[in-house]
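Please read the structure below before turning to the comments.
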Amino acid sequence: MRADQKVPGEGPPYLFFAKLPERQIRRYEQGLREALPGIHLSFVGEAEEAERLIPDAEVLMAFGPALNDRLIAAGRRLKWIQALGTGVDGIVDQPSLGPEVIISNMRGIHGPPMAEAALSAMLCLARSVPRLLRNQGQQRWDRFASQTLSGSTLAIVGSGAIAAYLAPICKALGMTVLGISAAPRPVPGFDHMYSRKQAGDAVARADFVLLLVPSTHETQNLVDGAFIERMKRTAFLINLARGSVVHEAALLAALQQGRIAGAYLDTFVTEPLPPGHPFWQLDNVVIAPHAAGMFNGYADAALPILVENIRLYQRGATTDMINLVRHP
């Protein structure tokens, strides 16, 4: 009998649902099976297979955006959902999620990759990399002046762990760093903190506006027409948060009309971004496939949290689990 087959009385079944490259899936499987011999664990990459197995699962490990309410509703025995990312949107907002289900996430492993993604986005926009690539494709020699990060002002919407990691790096590059937070507090590396009600004052000063807030009811369409109207015409918007944080129609209009210089968008309301969407056609937009937090060592960084939380779950010590988001 395979290790991932359910055996009555031998412990709860675990379901790992993620559409990832085969190499990454094998790394998760190897790490979990070596650390937890005998664990009854199924790995699936397709929603149909996840829906077939979820009725028998007590534990679901998945990225929130891949889930839907039909899957959650079918998980009648679910006791714990371990988000494989930091965001728990797609999990906590599903109507069928019972109040008894424990939720935990992967908070704390995204600082370096997300910071580097933010830096690469700013450099890409400041150095007009899309223009360079278009010129290369046309074999066109076109010299032009670029913007520098040194001397620029960055406004970060969100002051969590990723922002706290990034801010000192930006300061070292000679940038002024402003923070926008629901509950402003002193954070090392920031020159000044603003409340969300004061966001307009911060973005009016910024050359780059970086979004790092989670998707919540309060952040829905946080970046709307009024927000964008306060930005400089020479400023860039970078969304590494969630698509729901941005009012996409308002952003599209601003980009089409040149009311801001451009945008780097890693997340969208609908993912994948559909073919033919106007964002694809804009020369002042860089599109990334929700990949800012992905890096080669992601599984190795996530495995210690997964292993420890499973051990604690098996012992019944669920209140001691790492990165608890919700506990009944």
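The values are calculated or read from the model by the stated rules, or taken from the named source; none is laboratory data. The structure displayed is predicted, hence computed values, not measured ones. Cβ placement follows ideal geometry from the backbone for every residue including glycine, while neighbour counts extend to all protein chains displayed. Note: accessible area is taken over every heavy atom of the protein model, side chains too, but ligands, DNA and RNA are not part of it. Shrake-Rupley method; radii C 1.70, N 1.55, O 1.52, S 1.80 Å.
What whole-number volume per residue, in cubic angstrom, does the convex hull of the C-alpha atoms of segment 18-95 give?
94 Å³
In bins 10 Å wide, starting from 0, what share of all Cα pairs of segment 93-243 does each bin hold, as a percent?
10, 37, 31, 15, 6, 1, 0
Take the solvent-accessible surface of the protein heavy atoms, probe 1.4 Å, and return the percent of it on the chain that carbon and sulfur atoms account for.
Whole-percent figure for carbon plus sulfur exposure: 53.
How would Trp80, Trp141 line up by accessible area, probe 1.4 Å, largest first?
Ranking Trp80, Trp141 by accessible area, largest first, yields Trp141, Trp80.
Please work out how many pairs of lysine residues in the chain are eight or more positions apart (or on different chains) and have Cα atoms closer than 23 angstrom.
5
Output ³J(HN,Hα) for segment 273-286: one whole-Hz value per residue in order, computed from phi by the Karplus curve 6.51 cos²θ - 1.76 cosθ + 1.60 with θ = phi - 60°, and x for Gly and Pro.
For segment 273-286, the Karplus-derived couplings read 4, x, x, x, 4, x, 4, 4, 8, 8, 6, 9, 10, 10 Hz, x marking Gly and Pro.
At 0.36 nm per residue, minus the direct Cα-Cα distance, what do Arg131 and Arg143 gain on full extension? Give it in nm, one decimal, please.
On the way: separation 12, 0.36 × 12 = 4.32 nm, distance 1.05 nm.
Computed gain between Arg131 and Arg143 is 3.3 nm.
When the chain is fully extended, how far beyond the present Cα-Cα distance does Asp300 get from Gln24, taking 0.36 nm per residue of separation?
Net length gain for the segment: 98.4 nm.
Considering only protein heavy atoms, what per residue accessible area in square angstrom results for the chain with a 1.4 angstrom probe?
Per-residue value: 48 Å².
Roughly how many debye, to the nearest 20, is the charge dipole of the chain about its Cα centre, given +1 on each Lys and Arg Cβ, -1 on each Asp and Glu Cβ, and no other charges?
Working: 31 positive and 30 negative charges, 150 e Å.
Roughly 720 debye, rounded to the nearest 20.
Which of the DSSP-defined H helices in the chain satisfy a minimum axial length of 15 Å, computed from C-alpha atoms, and a minimum mean Kyte-Doolittle hydropathy of -1.0?
111-126, 161-172, 298-315
Rounded to the nearest 0.05, what FRET efficiency is calculated for Val269 and Arg315 with R0 set to 56 Å and r the Cβ-Cβ distance?
Working: r = 41 Å, r/R0 = 0.72.
Efficiency computed from Cβ-Cβ geometry: 0.85.
Pick the calculated mean projected area of the Cα convex hull in nm² for this structure from [x] 18.6; [y] 27.5; [z] 17.5?
[x]
Sorted by mean Cβ packing within 10 Å, highest first, what order do the peptides 110-117, 145-152, 266-273, 59-66 take?
Ranked by mean Cβ neighbours within 10 Å, highest first: 59-66, 110-117, 266-273, 145-152.
With contacts defined as alpha carbon pairs under 8 Å and 6 or more residues apart, what's the relative contact order of the chain in percent? Mind showing how you got there, number by number?
Numbers: 578 pairs, mean separation 47.8, N = 328.
Once normalised by length, the contact order is 15 percent.
Taking a 1.4 Å probe, which of Tyr194, Tyr165 shows the most accessible area, and what order do the others take after it?
On the way: Tyr194 20, Tyr165 105 Å².
Of Tyr194, Tyr165, the descending order of accessible area is Tyr165, Tyr194.
Give the distance, in whole Å, between the Cα centre of segment 123-153 and the Cα centre of segment 19-95.
42 Å
Which number comes out as Rg/Rh for segment 74-149 once both Rg and the Kirkwood Rh are worked out on C-alpha atoms?
Radius of gyration over Kirkwood radius for segment 74-149 works out to 1.31.
Can you give me the Rg/Rh ratio for segment 219-328, using Cα atoms for both radii and the Kirkwood formula for Rh?
Result: Rg/Rh = 1.16.
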